[in-house]
Amino acid sequence: MSENIKIPKKDKQIFDMLQAELTSKTGKKITYQELFSKIIEFTRYNKNNFFGRIHNLPLSEKEIEKLKGLRSDWGIVTDETKIDKIIY
């Protein structure tokens, strides 16, 4: 099954650059269809990383509460005037 999709000009330029770089590295010309299929396959096996990168911000209240739950008391009193010195 074949389908046409519209892509922005800047994305087309990036796609062309990827195709050229892959051709240069492998010595074999790859078609747009082959490159697109490889990108889809790669994304399929790296879904968590991919989805994490496109996740919309800001975080939901549930996600914020989950992050807050990761905090723990280290038993050290923090002096806010010294935080920059300690961190950097």
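From the list I39, I5, the lone residue that is modelled with pLDDT under 90 and of a type in the set (V, I, T) is I5.
For W74, the conditions (1) of a type in the set (F, W, Y); (2) out of contact with any helix residue (DSSP H, G or I) (no Cβ under 8 Å at 6 or more places or on another chain); (3) surrounded by 10 or more Cβ atoms within 10 Å (Cβ to Cβ) all hold with the exception of (3). Looking at K10, K82, K47, K62, which one is modelled with pLDDT of 90 or more and basic (K, R)? Criteria check complete, one pass: K10. Of the residues making up segment 15-74, those that are touching a Leu at 6+ places or on another chain (Cβ under 8 Å) and more than 30 Å from M1 (Cβ to Cβ) number 2.
The values are calculated or read from the model by the stated rules, or taken from the named source; none is laboratory data. This structure is a prediction, so every number in the text was calculated from the model and none was measured. In this analysis, Cβ positions are derived from the backbone assuming ideal geometry, glycine residues included, and neighbour counts consider all displayed protein chains.
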